[in-house]
Every structure is written in C-alpha cells, then in structure tokens.
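Values quoted throughout were computed directly from the atomic coordinates according to the rules given, and no laboratory measurement underlies them. Predicted model only: the values in this text are computed from it and were never measured. Don't worry about glycine lacking a Cβ; one is built from the backbone with ideal geometry, like all the others, and counts go over all protein chains shown.
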Amino acid sequence: MREVDCNGFSWIPHVVRIAQAVRQSRVGDEIRIWSDRDDMLAEVRAFAHTTGNHVSGIEWRRTTTFMMEPDARGSYNARPHPVPSLEMVITLRILPTNRLH
C-alpha cells in the first residue's frame with residue numbers, strides 16, 4: 001500500500017504526488033492519502049472519477065498541529081504551541097478502468 005502525505009495548503013503539488021502513486025500502482029492496489037485539509041475529499045473524489053478509480057474508504061484521526069501566533073507586537077518569535085486537530089485518511093483503490101497507466 002502506497003501512502004501520500006497531502007498535508008498543507010496547495011492542491012497542485014498534491015495531485016502530482018497522487019498521480020505518480022497511481023501510475024506506479026497496479027489494479028487492486030490501494031493508496032492512502034493523508035490530509036489536514038477539509039476540501040481534500042472532494043478533490044480526491046473528482047480525481048478518482050476523472051482517472052477511472054474509486055475512493056474506497058475515509059477515516060479521521062486525531063493529531064496535533066503546532067501553531068505559531070504573533071505576540072503583542074506582531075512578531076512570530078514565540079515558540080509554537082500544540083493544537084489538537086483532525087487528519088483525514090482517504091483510501092483510493094486502483095481499478096481496471098485506471099486511465100493513468
């Protein structure tokens with residue numbers, strides 16, 4: 001099973017990484033896509049539909065993100081502090097109809 005880390009803000013680098021994983025996979029393989037972005041599920045579903053594959057599972061895990069907040073002067077020199085958050089794990093199954101091979 002391949003894993004693709006899609007935490008972050010920009011969709012374009014993520015789709016390139018997902019497409020590379022799909023190209024390197026065989027029919028029946030699963031790819032687990034990790035993301036902290038709420039809109040990633042819709043993007044991966046659209047990608048799966050376009051490429052002839054299938055989103056076969058979705059899980060949520062609790063995780064910790066480290067955030068920086070500016071101090072009273074607007075400086076970001078303070079230490080990051082942990083903030084509880086959720087991370088989505090999307091499972092993409094490679095089907096015989098895969099168009100990226």
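Some points to look at:
- Counting only alpha carbon atoms, the long axis of helix 40-51 and the longest principal axis of the chain meet at about 20°.
- Which of Ala72, Met40, Ile18, positive extreme of dipole for the chain (C-beta unit charges): Ile18
- Summary value for the range 10-101: 41 percent relative contact order, contacts being C-alpha pairs under 8 angstrom separated by 6+ residues.
- Between helix 11-23 and the chain: long-axis angle, C-alpha atoms, 0 to 90°, nearest 10: 30 degrees
- Dipole moment magnitude, nearest 20 debye, the chain about Cα centre, only Lys, Arg, Asp, Glu C-beta charged: 320 debye
- Per-residue [θ]222 nm for the chain (sum of -39500 (n - 2.57) over DSSP H runs n ≥ 4, rounded to 500): -8000 deg cm²/dmol
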